[in-house]
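Quick notes on the structure that follows.
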Ligand code: HEM
């Protein structure tokens, strides 16, 4: 073959490999918010699967060593994804979750039960709530964030998806992460971390407990009102913020430490050295044992009632916080579920068809079934079927 044609063929081959990259769609990338055209192309490029069955409770559900020889700590590699949740990051760094940070809902539910003894209904509820807005319902995969060592080095796809996606599950006023308005909403922020330590030392004698959670949640809420013109504190973030404030004293304490007479979060707490291991290194403390019984986040309502604030948002300027009576609240739990489907999810998937619609309907059933597991929830909410009944 003449050299001129050889080089033409080589150029075409190169072009076609770029075209492949352009059309490749990461199987863990969220499909939410894509146009109908983008959605069609993405679905065509993916291998569809049926949603996995939600796992049942642990058979042996007591405390046990979870930093064992089968689960050594390994820092994430350059392509491994980590995100805003110190719990899931830790599970991935120990191989309780796939180390690349991409997992099915069933893998996440199993991992949070196995590694932190999270009660099965809570584990399912949190996971499906995150999955329907942040995951890929066609492939049944979710990325636990976006950060890899290469973040910012390689060009990134326009829509990344994953747990750090702002405003659908991840939200403002996190204890240790910046509001998305200020940029990176998934990495530990040093100033916020110093604030966490300062509050634990001053109010908890070196421990994070219910009192610290109450005051630090209030501090983060008032900080965001005063600093973030786009601060949004409506459901679902309104609930997850109060819930996540309790997670450290429920799940990050070694299961062999006796619970004091006041119960979880009272009279005992999470020592700053162990908090540092989880939050800064995303690593179980040496010889860590999980909580002694299947655990739910206790104290959510107490964190709220210490400094009540209605759901609401700033109006494009700081200190303009205005309540939103249509958002779910502590006195209207079902509105959390209804708004999540009618507003948040509808914005992401206004008109899904085919396998996407079927899989969304199945995942929504899993979410609804576990609604009664929401701590403090006693209302009976009517099931909604925005994408039709799931197949039986
Ligand atoms: C028992 C298991 C878990 C523990 C111990 C845990 C722990 C935490 C903690 C302490 C935070 C607050 C970080 C901060 O405010 O600075 C957090 C945030 C978060 N967690 Fe988890 N988590 C667990 C399970 C899950 C599950 C199952 C999901 C979803 C599949 C999840 C998704 C998230 C997300 C998206 C955030 C960020 C929220 C935000 O900053 O707006 N977590 N987690």
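Quick grid of which residues meet (1) touching a helix residue (DSSP H, G or I) at 6+ places or on another chain (Cβ under 7 Å); (2) at pLDDT below 95:
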position	(1), (2)
184	no, yes
187	no, yes
191	no, no
194	no, no
204	yes, yes
212	yes, no
217	yes, no
220	no, no
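Taking the criterion of being part of a helix (DSSP H, G or I), within 14 Å of the ligand (Cβ to nearest atom) and crowded, with 18+ Cβ neighbours inside 10 Å, would at least one residue in region 294-301 satisfy it? Within region 294-301 (the criterion being part of a helix (DSSP H, G or I), within 14 Å of the ligand (Cβ to nearest atom) and crowded, with 18+ Cβ neighbours inside 10 Å), the answer is yes, since at least one residue qualifies. For region 341-354, the criterion of being touching a residue at least 24 places away in the same chain (Cβ under 8 Å), under 18 Å from residue 39 (Cβ atoms), part of a helix (DSSP H, G or I) and out of contact with any helix residue (DSSP H, G or I) (no Cβ under 9 Å at 6 or more places or on another chain) is satisfied by at least one residue.
Just one of (1) surrounded by fewer than 23 Cβ atoms within 10 Å (Cβ to Cβ); (2) within 20 Å of residue 315 (Cβ to Cβ); (3) in contact with a strand residue (DSSP E or B) (Cβ under 7 Å, 6 or more places away or on another chain) fails for residue 255. It is (2).
Taken over region 307-333, residues that are surrounded by fewer than 15 Cβ atoms within 10 Å (Cβ to Cβ) and part of a helix (DSSP H, G or I) amount to 0. When the residues of region 101-110 are filtered to those that are in a helix (DSSP H, G or I) and crowded, with 24+ Cβ neighbours inside 10 Å, which remaining residue is nearest to the ligand (Cβ to nearest atom)? Applying the filter and picking the extreme gives 108. Being within 13 Å of the ligand (Cβ to nearest atom), touching a helix residue (DSSP H, G or I) at 6+ places or on another chain (Cβ under 6 Å) and either in a loop (DSSP other than H, G, I, E, B) or over 17 Å from residue 291 (Cα atoms) (or both) is a property that residue 91 lacks. Looking across region 111-159, the residues that are assigned to a loop (DSSP other than H, G, I, E, B), modelled with pLDDT of 95 or more and over 15 Å from the mean Cα position of the chain (by Cα) come down to 117, 119, 137, 138, 139, 140.
Is at least one residue of region 31-45 part of a loop (DSSP other than H, G, I, E, B), within 13 Å of the ligand (Cβ to nearest atom) and surrounded by 19 or more Cβ atoms within 10 Å (Cβ to Cβ)? The answer is no, given that none of the residues of region 31-45 is part of a loop (DSSP other than H, G, I, E, B), within 13 Å of the ligand (Cβ to nearest atom) and surrounded by 19 or more Cβ atoms within 10 Å (Cβ to Cβ).
Before we move on, is residue 52 in a helix (DSSP H, G or I), within 16 Å of the ligand (Cβ to nearest atom) and in contact (Cβ under 8 Å) with a residue 60 or more places away in the chain? So residue 52 fails the test.
The values are calculated or read from the model by the stated rules, or taken from the named source; none is laboratory data. Because the structure is predicted, anything quoted here is derived from the model rather than measured. Note: ideal-geometry Cβ built from the backbone for every residue, glycine included; neighbour counts use all protein chains shown.
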